[in-house]
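Novice: So that we are looking at the same thing, I have put the structure below in structure tokens.
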Amino acid sequence: MSGKKRKITFRNPFKDRSPIQRRRAGEYILITLLSFAFSVSGTRLFLEITGYPQLGGGNLHIAHVLWGGLFLFIAALLPVVYVNEWALSLSALISGLGVGLFIDEVGKFITRNNDYFYPTAAPIIYVFFLLTALLFSQIRVERRKTTRSLLYEVLERFTEVLDHDLSSYEREELIQKLAEIEDRKDSQELIELAKDLKTYLTSQQKKNTSTEPNFLDKLRILFARLERKWLTKQQTKRLLILGLFIWGVWALVSPIVYFTLTKNPEQMQVFLDQLMTDNLVRNASGLNWFEARVLLEGGMGAFSILAGILMLIKAEKPAVLIGVISLLVTLTVVNLLIFYFDQFSTIIMASVQFVLLVLLLRYQRRFLKIK
């Protein structure tokens with residue numbers, strides 16, 4: 001009896017290729033987020049100032065979406081080619097610039113007539129930015145780390161040993177991480193590896209006497225010093241009260257103006273004609289959305305003023321709660337409508353709202369004890 005021999009294959013039962021989050025993933029996403037915002041706002045500002053010039057002649061027009069695609073391609077290649085940590089930071093920066101240039105032209109790709117100024121383009125870009133911000137917030141959430149993920153983090157930082165860029169400050173952090181791994185009992189092989197790495201780092205301690213923190217740690221230290229010096233409780237409170245009142249009053253401008261126009265039919269008709277000319281309102285449904293924008297913006301403005309008053313009378317916990325909720329609703333819901341009707345002129349106010357939200361959260365974390 002003849003037959004072919006069956007090929008026997010073995011699978012490694014210990015293989016584990018589950019994804020591990022990078023140690024500095026949050027920082028990379030933040031770099032992408034900031035460069036994305038700069039790219040979109042900078043592009044729109046440049047085009048507005050220069051009168052929307054075209055690169056090319058005749059039938060040739062090199063749109064900036066092509067530059068965005070080129071930047072995205074370069075950003076994708078960098079971490080594929082280079083293993084250094086700086087390649088990831090540079091990739092994050094270039095990818096943010098690239099996606100900003102790319103998505104800025106979304107209006108051309110959702111309309112038959114390639115309308116760059118199509119009103120829906122601005123909310124789409126804003127939603128994309130919010131989703132990236134949501135990703136950043138989720139990545140920053142502290143999660144319980146396994147022995148494997150801790151060792152991945154240590155090995156990732158060992159690239160600084162190869163680059164001769166590991167200070168004593170960072171070495172101590174690594175040794176503490178390795179000691180934490182040693183205290184675990186779930187994977188003896190990984191624990192043995194951690195012991196060997198710790199022995200190596202300990203033996204190298206005397207050879208490196210530098211205590212200089214890295215660039216990002218310097219920024220954190222500088223920020224902490226500036227925050228302690230300039231953003232004391234009273235100073236932060238004054239800023240918050242002023243910011244909440246200014247934003248609240250500004251948010252009430254549109255409702256007041258619209259309410260005033262409704263009292264004068266002629267002016268109201270002129271206003272509606274302008275909205276229709278700009279293709280912002282095309283039917284009764286469009287007008288309903290505009291009225292919803294006005295009411296929501298005014299409502300959030302009123303809540304902002306209420307939060308400012310509560311802060312003023314030292315009811316700080318409810319003030320912060322109301323302020324945070326109103327700002328979150330504004331940034332995630334109301335601004336979608338505002339971006340549609342007011343387009344990119346909303347960027348400055350949205351930035352102010354974001355800074356105000358960060359200040360409220362920092363005030364809550366630093367000065368209020370939440371049970």
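Novice: Given springs between every Cα pair under 10 Å in a Gaussian network model of the chain, which of A179, A87, A37 has the largest fluctuation?
Specialist: Highest fluctuation among the options: A179.
Novice: Also, quick follow-up: With unit charges on the beta carbons (Lys and Arg positive, Asp and Glu negative) and the dipole taken about the Cα centre of the chain, which residue among I20, I175, T330 sits farthest to the positive side?
Specialist: With unit charges placed on the Cβ atoms, the residue in question is I175.
Novice: Report the calculated FRET efficiency for E180 and Y82 (r = Cβ-Cβ distance, R0 = 30 Å), to the nearest 0.05. If you can, show how the numbers build up before the last one.
Specialist: Numbers: r = 30 Å, r/R0 = 0.99.
Using R0 = 30 Å, I get an efficiency of 0.50.
Novice: A further question follows. Quick one, can you get me the convex hull of the C-alpha atoms of the stretch 226-367 expressed as volume per residue in Å³?
Specialist: 103
Novice: Under a point spin-label approximation (7 Å from Cα along Cα-to-Cβ), what is the L275-L130 distance to one decimal in nm?
Specialist: Result: 2.0 nm between the two label points.
Novice: Also, quick follow-up: Taking 0.36 nm per residue of sequence separation and subtracting the Cα-Cα distance, how much length would be gained by fully extending the chain between T120 and F46, in nm to one decimal?
Specialist: Full extension of this stretch gives 24.6 nm more.
Novice: May I ask for the angle, rounded to the nearest 10°, between helix 168-182 and the longest principal axis of the chain, with both axes built from Cα atoms and the value confined to 0 to 90°?
Specialist: It works out to around 70 degrees.
Novice: Among the trypsin sites (Lys or Arg not before Pro) within the stretch 101-149, which fall in a DSSP loop and have no more than 14 other Cβ atoms within 10 Å of their own Cβ?
Specialist: Of the trypsin sites (Lys or Arg not before Pro), the ones in loops of the stretch 101-149 whose Cβ has at most 14 other Cβ atoms within 10 Å are R112, R140, R143, R144.
Novice: Would you mind classifying the stretch 147-213 by shape? Square roots of the alpha carbon gyration tensor eigenvalues, ordered a ≥ b ≥ c; an a/c under 1.5 is rounded, otherwise it is prolate if a/b is larger than b/c and oblate if not.
Specialist: prolate
Novice: Sticking with this structure for a sec: Rounded, prolate or oblate: pick one for the stretch 29-171, where a ≥ b ≥ c are the square roots of the eigenvalues of its C-alpha gyration tensor, a/c under 1.5 means rounded, and failing that, prolate if a/b is larger than b/c, else oblate. Could the numbers behind the result be given before it?
Specialist: Working: a/c = 3.05, a/b = 2.03, b/c = 1.50.
It is prolate, given that a/c is not under 1.5 and a/b is the larger ratio.
Novice: On C-alpha positions alone, give me the angle between the axis of helix 121-139 and the longest principal axis of the chain, in degrees, nearest 10.
Specialist: Once rounded, the angle reads 30 degrees.
Novice: Where nothing but the Cβ of Lys and Arg (+1) and of Asp and Glu (-1) is charged, how large is the charge dipole of the stretch 304-371 around its Cα centre, in debye to the nearest 20?
Specialist: Numbers: 7 positive and 2 negative charges, 112 e Å.
The dipole magnitude comes to about 540 debye.
Novice: Here's a follow-up. Please name which of L101, P53, F303 has its Cα lying farthest along the dipole of the chain towards the positive end, using unit charges on Cβ (Lys, Arg +1; Asp, Glu -1) and the Cα centre as origin.
Specialist: Most positive-ward Cα: F303.
Novice: A further question on this structure: With a point put 7 Å past each Cα toward its Cβ, work out how far I246 is from I309 in nm, to one decimal.
Specialist: Using points 7 Å along Cα→Cβ, the separation is 2.2 nm.
Novice: Only loop residues by DSSP count here, and only those with at most 10 other Cβ atoms within 10 Å; note down the GluC sites (Glu not before Pro) in the stretch 121-184 that meet that.
Specialist: On the way: sites: E142, E153, E156, E160, E170, E172, E173, E180, E182; in loops: E142.
Sparse-neighbourhood loop GluC sites (Glu not before Pro): E142.
Novice: Anything over 25 Å Cα to Cα? Flag those among K177/K233; K195/K218; K145/K317; K15/K145, in the order listed.
Specialist: Result: K177/K233; K195/K218; K145/K317 exceed 25 Å.
Novice: Still on this structure: Taking the Cα atoms only, what angle lies between the long axis of helix 64-81 and the longest principal axis of the chain, rounded to 10 degrees?
Specialist: Relative to the chain, helix 64-81 is tipped by roughly 10 degrees.
Novice: Pop a pseudo-label 7 angstrom from the Cα along the beta-carbon direction at both L239 and V355 and give the gap in nm to one decimal.
Specialist: 0.9
Novice: Which value at 222 nm does the chain reach when only helices count, each DSSP H run of 4 or more adding -39,500 (n - 2.57), with the total divided by all residues and rounded to the nearest 500 deg cm²/dmol? Each step should come with its number before you reach the end.
Specialist: Details: 16 runs with 263 residues, N = 371.
It lands at -23500 deg cm²/dmol.
Novice: Follow-up question, since we're still on this one. If I take every Cα pair under 8 Å that is 6 or more residues apart in the stretch 25-139, average their sequence separation and divide by the length, what percent do I get for the relative contact order?
Specialist: 35
Novice: About its Cα centre, how strong a charge dipole does the chain have in debye, to the nearest 20, once Lys and Arg get +1 and Asp and Glu get -1 at the Cβ?
Specialist: Dipole about the Cα centre, nearest 20: 1600 debye.
Novice: For Rg and Dmax of the Cα atoms in Å, the choices are [x] 22.0, 76; [y] 27.2, 102; [z] 20.6, 60; which was calculated from the structure?
Specialist: Of the listed options [x] 22.0, 76; [y] 27.2, 102; [z] 20.6, 60, [y] comes from this structure.
Values in this text are rule-based calculations from the coordinates and carry no lab data. No experiment lies behind these values; they were computed from the predicted model shown. Reconstructed Cβ throughout: ideal geometry from the backbone, glycine too, with neighbour counts over all protein chains shown.
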